[in-house]
Amino acid sequence: MGERLELPQGTLDLLILKTLALEPLHGWAVSERLEQISRDAFQVGQGSLYPALHRLERRGWIKARWGVSDNNRKAKYYDLTRAGRKQLGAEAAAWRKLSAAVGYVIDLA
Amino acid sequence: MPLADLLYRCRAIFRREAVERELDDELRFHADQTIGKLMRSGMTRQAAERQARLTLGGAEQAKELCRDARGTRLIEETWQDLRYALRTLRASPVFAATAVVTLALGTGANVVTFSGLNTILFRKLPVARPDELVEVTNRTHPPLPAFSYPDYRDFRDRNNVFSALAAYRFFPMSLNRGGGSQRLWGYVASGNYFQMLGEKAALGRVLQPSDDREDGANPVAVISFGCWQRRFGADPDIVGRRATISGHPYTIVGVTSPRFFGTEFFFLPEVWVSMSMVNAIEPAARGWKDNRGATFVWVMGRLKPGVVAAGAESALRGIAAELGREYPDQSGGMKLSVSPPGMIGGSIRSAASELAALLIAITGLVLLVACQGWNRPPSPA
């Protein structure tokens, strides 16, 4: 296990939207997927994951429905809505701009 | 608020139990998945459960954070409190009755206080365009807004902010009719008093400037509508009748309109005579009208259109400064202000405000006592 990063405020929402853009997932799968694709850099506890999911659902960016998991259990799946897809585009663009700018400043100094 | 948000919150409030159950299921599924994963990596179930608890953090804390995320926490908790309160009340009827009575008393007391406050602080005189009227107060002589008559006359003649500036004074008088003597309150008013107020008579006429022109020359009186009804039996031929007021014969020339009660909220004057008769009304203080040191009259004016109270105040202060230079001994150092009429200048208004604040504090305490009761329900027997 490598060094774990604290996620900056607001970036968890972006990462969740990105994860769900590929396919509908339940909460646990979202956290697994985030750990995998970040190569274990992020570990997202349930204390931040589920509030974020519910907040995104409230804003209408993701939609929840009950389904059946691989191991045949009832699980709550989240799917990106049309508004969520738009939001993901906007947030990703903003993030790229921000990180490029921050990177530029740091390299410059 | 977007529609999705509204629907989400409505569901969180009205289907609270379902939403909570789903949250339970969701978090339990998460824990079970974590345990399953740990067991697949070779842990015993016990070790895996312990490890899951450690890495996941408290499920209760996660739930609290999720409830925050719903944005309905305030409503949910209020609803819970309400239900708790209802349960408590049903469990102990005596306590419930006490609480209800205390709250009723507290609410009632508040209503009374506020309606009193309304009368004292916000009521207007029932005359034409009452917002234009101001009472001029001289704070050199607290607590009464008193001026000397000569000073009043100079303020009246030198200002350009009032369409009319009147002086008056109230005084106990006696009314003699057919042998009996009755005590009543009367106003001694300058000839322009009724003009300034824009008041017309219900019968006959009101006082007019000509009544006030020459000292002692016009012994005429105007009586209030109530006085006419009670003391004169609503005599239809009242105008022109003679009456003895404070030992001096007068002719009654008119009756005021029924809603008119003078210019103070605290007095119900029944007679108005002109300032020219003041030596007959107050023989003991004979001659004060010409004495610049005798601060006996109250002053009220109607602002000219477009003049605001602050403008009138500064104009009056300019005149007061002139008078202070001309008559330093009697008129020096006047501290003038203007205020809405009816409350004997600002003096009673501020005292009344303080009283009202005290009453509100007391009634507030009554309500607090009631609330204290809610917070400490008796333990069930």
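Other protein chain C-beta atoms within 10 Å of residue C-beta, averaged over A:48-56: 6.
B:R11 to A:N71: FRET efficiency via 1/(1 + (r/R0)^6), r the Cβ-Cβ distance, R0 35 Å, to the nearest 0.05? Here the calculated transfer efficiency is 0.80. Per residue of B:22-31, other chain Cβ atoms within 10 Å of the residue Cβ number 5 on average. Based on DSSP H segments of at least four residues, each scored -39500 (n - 2.57), chain B has a per-residue ellipticity at 222 nm of -15500 deg cm²/dmol. A simple packing score, the average count of other Cβ atoms within 10 Å per residue, orders the peptides A:14-20, B:2-8 as A:14-20, B:2-8, with the highest score first. The mean number of Cβ atoms from other chains found within 10 Å of a Cβ in peptide B:61-69 is 5, as a whole number. With 19 Å as the limit, the listed pairs A:K18/A:K63; A:K18/A:K86; A:K18/B:K37 have A:K18/B:K37 beyond it between alpha carbons.
The residue among B:S314, B:F296, B:G324 whose Cα reaches farthest toward the positive pole of the charge dipole of the stretch B:271-355, with charges on the beta-carbon of Lys, Arg, Asp and Glu, is B:S314.
First measure r as the distance between the Cβ atoms of A:R96 and B:L54, then evaluate 1/(1 + (r/R0)^6) with R0 = 35 Å and state the FRET efficiency to the nearest 0.05. For R0 = 35 Å, the calculated efficiency reads 0.45. The tail of the calculated P(r) for the protein assembly as shown beyond 35 Å holds 61 percent of all Cα-Cα pairs.
Considering only A:G89, A:G45, A:G27, the mean-square fluctuation computed in a Gaussian network model of chain A, springs between alpha carbons under 10 angstrom, is largest for A:G45. Taking Cβ atoms as reference points and 12 Å as the exclusive limit, the residues near B:I252 contribute a net charge of +2, counting Lys and Arg as +1 and Asp and Glu as -1.
Pop the C-beta distance of B:R317 and B:A234 into the FRET formula with R0 = 51 Å and round what comes out to the nearest 0.05. Efficiency at R0 = 51 Å is approximately 0.60. Counting neighbouring Cβ atoms within 10 Å and putting the fewest first, the residues B:W298, B:W79 line up as B:W79, B:W298.
Axis of helix B:16-40 versus longest Cα principal axis of chain B: the two differ by about 30°, to the nearest ten degrees. Among A:Y78, B:Y168, sorting on how many other beta-carbon atoms sit within 10 Å of each Cβ, with the fewest leading, yields B:Y168, A:Y78. Among B:I238, B:I13, a tally of other beta-carbon atoms within 10 Å of each Cβ gives an order, fewest to most, of B:I13, B:I238. Amide H contacts of B:V239 (H built 1.01 Å from N, in plane; Pro and chain starts excluded): no residue 5 or more places away or on another chain comes under 5 Å. Here the 3J(HN,Hα) profile of the stretch B:113-119, calculated from phi with Karplus coefficients 6.51, -1.76 and 1.60 at θ = phi - 60°, is 4, 5, 6, x, 4, 4, 4 Hz, Gly and Pro shown as x. Summed over all non-identical Cα pairs, the Kirkwood treatment of the stretch B:50-107 gives a radius of 14.7 Å. For the stretch B:322-338, backbone phi angles converted through the Karplus equation (6.51, -1.76, 1.60; θ = phi - 60°) give residue-by-residue couplings of 4, 4, x, 6, 6, 10, x, 5, 9, 10, x, x, 5, 10, 9, 8, 10 Hz, Gly and Pro being listed as x. Under the criterion of Cα pairs below 8 Å and six or more residues apart, the relative contact order for the stretch A:11-108 equals 30 percent. Basic side chains Lys and Arg get +1 at the Cβ, acidic Asp and Glu get -1 at the Cβ, and with that the dipole of chain A about its Cα centre reaches some 620 debye.
We did not get these values from a lab; they are worked out from the coordinates using the rules stated. This is a predicted model, so every value here is computed, not measured. Using ideal geometry, Cβ is built from the backbone for each residue, glycine included, and neighbour counts are taken over all protein chains shown.
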